[in-house]
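Remarks on the structure that follows.
The values are calculated or read from the model by the stated rules, or taken from the named source; none is laboratory data. Fair warning: this is a prediction, and the values are worked out from it, not measured in the lab. Every residue, glycine among them, receives a Cβ derived from its backbone with ideal geometry; neighbour counts consider all protein chains shown. For the accessible areas, the whole protein counts, side chains as well, though only heavy atoms, and no ligand, DNA or RNA atoms are used. Shrake-Rupley method; radii C 1.70, N 1.55, O 1.52, S 1.80 Å.
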Amino acid sequence: MGLFDSIRGEFIDIVEWTDDSRDTIVRRFPRHDNEIKMGARLVVRESQTAVFVNEGRIADVFQPGTYTLKTQNLPLLSTLKGWKYGFDSPFKAEVYFVTTRQFTDMKWGTQNPVVVRDPEFGMVRLRAFGAFAARVVDPAALLRELAGTDPQFRTEEVQEYLRQLIVGKLGSALANSGVPMLDLATRQDALGVQLAGVLTQELAPVGIAVPRFIIENISLPPEVEQAIDTRSRMGIAGNLDQYTQFQAADALGAGARTPGSGVGEGMGLGLGMAAGQRMAAGLAPQQPAAVPAQAAAPAPAGPPPLPAQEQWFIGVDGAQQGPYDSAALSGLVGAGTLARTTLVWRDGMSGWLPADQVPGVSGLFGSVPPPLPPQA
């Protein structure tokens, strides 16, 4: 082997990365001052994107596939280097592999309670926790705004930032939902879809999307829980007067069965007086009931109930999801879960149809561009 072949053997022939962790978002390809051959092979696997950075500037971005690095495959880098005539020589460039799969083990929770105004209980402090999924949709924006030159950017470095953003948006989402506190448990799924869309829009400048947001639990302060328990007991008891009479009779019965308590004699005397009063009332002549001078005016009728919102179902990966209202569908479009080709259905439709063919749903894609045509 000649000297020239020995030197060329030091250059990198294959540029690739296999992720052996579950929490790495960005990994810089280790060059160790070695140059990359012009004509080397670049392997970008599914759920990855390769970003070439030259002298601090993002040059080229490669989607999944296998590439031979030549001037025609590196248009921006070739322009920066001045390889207008296909100058075949090694080059130096930092290569960052960005993971684009979903990270589903992200947790969130409120360290401090969120204060909301409830129409029935007034000002209430709520705590909540759950999980969410995040993924990179714009690798270049992520490198510019968050990862920078970090050789290994992990989820733990961005999870606290995402948690703070979630808590900041949670209070306004609960307040603007208009859902009473007692009905929050039945609307957690819809609130999660709404928050996923809001967070995806908020994180667009840093290249991150939140395709799924889960609210596992919303807890109330102890005093509010006690008030709810008291109201539940009153509802079970029904008529409050009857409930009080039943409790008094039960207490007297327990006392009468206790020897030497004196409750039995007092109870007998009380029952005798009550029997005499009822007998006297039965013997007394019945007096006609007084006729009121003027009948009370009927109470004004309230507004009619709000019309029921349309309930939509969607098909994702062969599974049915829903029902969702129109506001929830808008959040699904923002999160990328509802696409133009996604099948939708509601009551009254004869069968499932793509979303962009259904009136009332196709208008939600006004600000969402259609998919790119197939690349040659």
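In table form, for the structure just shown:
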{"read-out": "All positions within segment 212-242 that are open to solvent by less than 60 Å² (accessible area, probe 1.4 Å), of a type in the set (Val, Ile, Thr) and modelled with pLDDT of 80 or more", "value": "Ile215, Ile218"}
{"read-out": "Close pairs (7 angstrom Cβ cut-off, 6 or more residues apart or separate chains): more than 16 Å from Thr79 (Cβ to Cβ) and part of a strand (DSSP E or B) in segment 50-65, open to solvent by 20 Å² or more (accessible area, probe 1.4 Å) and of a type in the set (A, V, I, L, M, F, W, C) anywhere", "value": "Val51/Ile58; Val51/Val61"}
{"read-out": "Test for Asn176: is it open to solvent by 40 Å² or more (accessible area, probe 1.4 Å) and more than 26 Å from Ala327 (Cα to Cα)", "value": "no"}
{"read-out": "Only listed residue being in contact with a helix residue (DSSP H, G or I) (Cβ under 8 Å, 6 or more places away or on another chain) and modelled with pLDDT under 85, chosen from Phe132, Phe52, Phe91", "value": "Phe91"}
{"read-out": "Answer from Ala196, Ala209 - the residue that is surrounded by 15 or more Cβ atoms within 10 Å (Cβ to Cβ), touching a strand residue (DSSP E or B) at 6+ places or on another chain (Cβ under 8 Å), in contact (Cβ under 8 Å) with a residue 12 or more places away in the chain and not in a helix (DSSP H, G or I)", "value": "Ala209"}
{"read-out": "Some residue of segment 347-361 being surrounded by 17 or more Cβ atoms within 10 Å (Cβ to Cβ) and within 20 Å of the chain's Cα centre (by Cα)", "value": "no"}
{"read-out": "Of all residues in segment 102-147 being of a type in the set (Phe, Trp, Tyr) and in contact (Cβ under 8 Å) with a residue 60 or more places away in the chain, the one that is nearest to Arg57 (Cα to Cα)", "value": "Phe103"}
{"read-out": "Counted residues, segment 182-193 - those being over 11 Å from the mean Cα position of the chain (by Cα), open to solvent by 20 Å² or more (accessible area, probe 1.4 Å) and not small (Gly, Ala, Ser)", "value": "4"}
{"read-out": "Qualifying positions in segment 34-73 - within 19 Å of Gln375 (Cβ to Cβ) and of a type in the set (A, V, I, L, M)", "value": "Leu42, Val43, Val44, Ala50, Val51, Val61, Leu69"}
{"read-out": "Every residue from segment 116-154 that is touching a Lys or Arg at 6+ places or on another chain (Cβ under 7 Å) and within 18 Å of Arg212 (Cα to Cα)", "value": "Ala131, Phe132, Ala133, Arg135"}
{"read-out": "Long-range neighbours under 8 Å by Cβ, at least six apart or interchain, first residue under 17 Å from Pro211 (Cβ atoms) and assigned to a loop (DSSP other than H, G, I, E, B) within segment 326-355, second open to solvent by 40 Å² or more (accessible area, probe 1.4 Å) and of a type in the set (D, E, K, R)", "value": "Thr337/Arg212; Arg340/Asp356; Thr341/Asp356"}
{"read-out": "Candidate set: segment 5-35, residues that are at pLDDT below 80 and of a type in the set (Val, Ile, Thr); chosen: the one most open to solvent (accessible area, probe 1.4 Å)", "value": "Ile7"}
{"read-out": "Positions within segment 307-346 being surrounded by 16 or more Cβ atoms within 10 Å (Cβ to Cβ) and farther than 24 Å from Gln201 by Cα, in sequence order", "value": "Trp345"}
{"read-out": "Residue in segment 167-181 that is modelled with pLDDT of 85 or more, within 14 Å of the chain's Cα centre (by Cα) and not basic (Lys, Arg) present", "value": "no"}
